[in-house]
Structures are given as structure tokens and as C-alpha cells.
Amino acid sequence: MSKFILAFCSCIDFVLRKIYNYNKGRGRKMKTNHNPKKLMILGLCLIVLFMAIGYASFSQNLIINGTSTITSDWNIKITDITVKGFNGSATNAEEPQVENDTTAIFKTNLISPGDSMTYEVTVANDGSIPAKLNELKVEDANNPAILFQVNGISESDILGEHSTTTFEVQVSYNSSITTQPENPKSTLTVTLDYVQNS
């Protein structure tokens with residue numbers, strides 16, 4: 001800043017000296033080749049030039065660099081399946097299994113009408129995005145002697161971020177059956193189709 005001021009003052013001093021010397025020469029009736037208009041134009045040009053240099057010296061480009069990072073996390077899964085209760089002689093043919101995080105498979109042995117097995121399923125949203133149950137798919141072996149019931153969960157239910165929910169699956173021997181079925185075993189698949197809650 002100080003250099004620019006000094007240069008500007010020097011320019012003004014130069015122009016003023018030229019004008020002074022010119023006027024002084026005229027007062028003494030000395031011949032001169034200087035034209036006052038030319039001197040004034042020269043002085044103005046020099047002033048504009050130094051102002052432009054000064055502006056360029058003090059101006060600068062402001063550059064802002066930013067980085068945006070997506071930190072959201074989608075993580076819905078069945079974390080636990082336990083036997084909550086049973087009636088009669090019902091037993092597990094196999095331990096319940098989880099496939100692809102959100103599909104539960106139940107295999108149950110039912111001996112007599114009225115036998116039943118109740119499972120409790122825990123679903124966790126370990127991510128940072130609220131989820132909505134878009135579809136609840138239940139597939140069975142189409143055995144009329146075996147009934148399935150899902151309680152405590154329904155489509156459009158919301159599962160908030162970092163939270164859990166539980167629901168029950170009941171497998172039972174149809175008490176209205178009067179003859180022994182050929183296959184007393186049941187296989188049930190429950191799939192939870194979650195989507196991002198908008």
C-alpha cells in the first residue's frame with residue numbers, strides 16, 4: 001500500500017513540476033517546446049496508469065474449495081429369532097434361519113391338532129436412514145393342515161434410524177382337520193421388504 005502511495009505522489013510531483021517549469025519559462029519569455037495540454041494529458045494518463053496498477057495490486061481472487069460427503073448408512077436386518085412359546089408336542093424341525101438379512105425361514109414339526117409354535121423376530125435398523133416396510137411377503141408349503149399367522153408388524157410401518165422392532169410368527173396345526181395329514185411338517189418363509197422412508 002505504501003509503495004503505491006509513494007509512486008502515485010511521485011507521479012503527481014512530476015506532472016506539477018513540468019507545469020511549473022513551463023509556466024516559469026513563459027514568465028521569463030523563454031522559448032519552450034512544451035505544450036500545456038500535452039502535459040496535462042500526459043499527467044492524467046500517468047495517474048490513470050498508476051491507479052490501474054494499484055487496483056491490480058490490491059485485488060485478489062477468492063477461491064473456496066468445499067467437499068461434500070454422504071455419510072448416510074442403510075442397514076436393515078433381522079438380528080434375532082427366538083422361540084417365545086409352544087403348545088402340545090410342537091418342536092423345531094430345524095433352527096430358524098435368516099437369509100439376505102431380511103428373510104426368515106421357519107421349519108416346525110406339528111404332531112396333533114392344536115399344536116403350535118410361536119417365534120419372536122427382532123428387526124434392527126442399524127443405519128442412519130428411517131425405513132418403511134413396503135411389503136410383507138409370507139410364503140408357505142400350501143399345507144391345509146398348517147396355519148400361519150404374523151402379528152405385530154404390518155406394511156407401511158416405520159422403523160426409525162438406530163432402532164429395533166419385534167413381531168411374532170405363529171405356526172399351528174389346524175384344529176378343524178379330522179384326518180392325519182400326510183405331511184405334518186411346515187415350512188414358512190417371511191420376507192421383509194423395506195424402503196427408505198421419504
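When every residue of the range 162-173 is checked against the conditions, at least one turns out to be of a type in the set (Gly, Ala, Ser), within 38 Å of the chain's Cα centre (by Cα) and either assigned to a loop (DSSP other than H, G, I, E, B) or surrounded by 13 or more Cβ atoms within 10 Å (Cβ to Cβ) (or both).
Taken as a whole, the range 163-176 holds no residue that is touching a residue at least 60 places away in the same chain (Cβ under 8 Å) and either touching a helix residue (DSSP H, G or I) at 6+ places or on another chain (Cβ under 6 Å) or basic (Lys, Arg) (or both).
Hey, among the residues in the range 174-193 that are of a type in the set (A, V, I, L, M, F, W, C) and part of a strand (DSSP E or B), which one's nearest to Leu147 (Cα to Cα)?
Leu188
Here is the figure for the range 106-130: residues that are at pLDDT below 95, assigned to a strand (DSSP E or B) and among the aliphatic types (A, V, I, L, M) total 1. If only residues of the range 75-105 that are out of contact with any Gly (no Cβ under 9 Å at 6 or more places or on another chain) and assigned to a loop (DSSP other than H, G, I, E, B) are counted, the one that is nearest to Lys137 (Cα to Cα) is Thr102.
The values are calculated or read from the model by the stated rules, or taken from the named source; none is laboratory data. Predicted, not measured: the structure shown is a model, and the values here were computed from it. Cβ sites come from the backbone with ideal geometry, for glycine too, and all protein chains shown count toward neighbours.
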